[in-house]
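Input: a single structure, listed below in structure tokens.
What follows is calculated from the coordinates using simple rules that are stated; it is not laboratory data. Fair warning: this is a prediction, and the values are worked out from it, not measured in the lab. Cβ placement follows ideal geometry from the backbone for every residue including glycine, while neighbour counts extend to all protein chains displayed.
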Amino acid sequence: MKVRILGGYLKGRVLKYPSSPDTRPTTGLVKEAIFSIIGELKGKRVLDLFSSAGALGIEALSRGAEYVVFVEKSSKTVKYLSQNLKELGIKTTAWIVHGDAIRFLKKNKEEFDVVFADPPYRKGYIEKLLNLVENSLKSHGIFIIEHESEKTVGTTKNLKKIKERKYGDTKITVFEKDSSLSGNL
């Protein structure tokens, strides 16, 4: 399976993905929507949870992100991610964490400007992520989660839902961290 980079200095380059029923790369339409919502990425620090072979994080690097931390559990998929980073010559601006996204968030001390999450659908990850991801976001940081279209995602004390868009069986929900909310609730 091949996925194209849509913007930035790597535009048009192709990423390799494993062919597997468990792999569901973000479609071009959804990816374009996500990056038009985010806007400028120059100098931003990005976290890509459930990164698979890296479509969202690599797109962020192509569009100017300072660096991306990729978190992926599957050994097979990590090999594709590592190969994609190497072939594109961007391995020095990326850090791969081969492990579980929830465990990573529980231990992480770094704050990011943008966090992507594309967890397996219908596995109960959304609520866990919402409760953990706000600790990994800078104030006014953006959290974008891709999930099944029939699911409605709530908020937390510090995450404000700013957009929600549906694309077939996929929905993206976008949050902004607003630390001032916690004192007002």
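Report, in whole Å, the centroid distance computed from the Cα atoms of the stretch 95-167 and the stretch 41-85.
15
When N is the residue count of the stretch 1-65, what does its C-alpha Rg come to as a fraction of 2.2 N^0.38 Å? Show your work: numbers first, answer last.
Values: Rg = 11.4 Å, N = 65, 2.2 N^0.38 = 10.7 Å.
My calculation over the Cα atoms of the stretch 1-65 gives 1.06.
By what distance, in whole Å, do the Cα atoms of the stretch 2-181 stretch along each of the three principal axes, largest value first?
43, 33, 30
Based on the Cβ-Cβ distance from K160 to S75, what FRET efficiency comes out when R0 is 45 Å, to the nearest 0.05?
Numbers: r = 37 Å, r/R0 = 0.81.
Once the sixth-power term is evaluated, E becomes 0.80.
Please figure out what share of the DSSP beta bridges in the stretch 2-181 is antiparallel and state it in percent, rounded to the nearest 5.
Values: 18 of 37 bridges.
Given both bridge residues lie in the stretch 2-181, the antiparallel proportion sits at roughly 50 percent.
Does anyone have the angle between helix 28-38 and the longest principal axis of the chain? Alpha-carbon axes, 0 to 90°, nearest 10?
Here the helix axis deviates by roughly 50 degrees.
Which of V14, V30 comes first, and how do the rest follow, when ranked by fewest Cβ neighbours within 10 Å? Intermediate values should be presented prior to the final figure.
Details: V14 13, V30 20.
Taking fewest neighbouring Cβ atoms as first place, the list is V14, V30.
In nm, to one decimal, how far is the I102 label point from the R4 one, both placed 7 Å along Cα→Cβ?
That separation, rounded to one decimal, is 3.8 nm.
Kindly express, to the nearest 10 degrees and within the range 0 to 90, the angle between helix 75-88's C-alpha long axis and the longest C-alpha principal axis of the chain.
Compared with the principal axis, the helix lies near 70 degrees.
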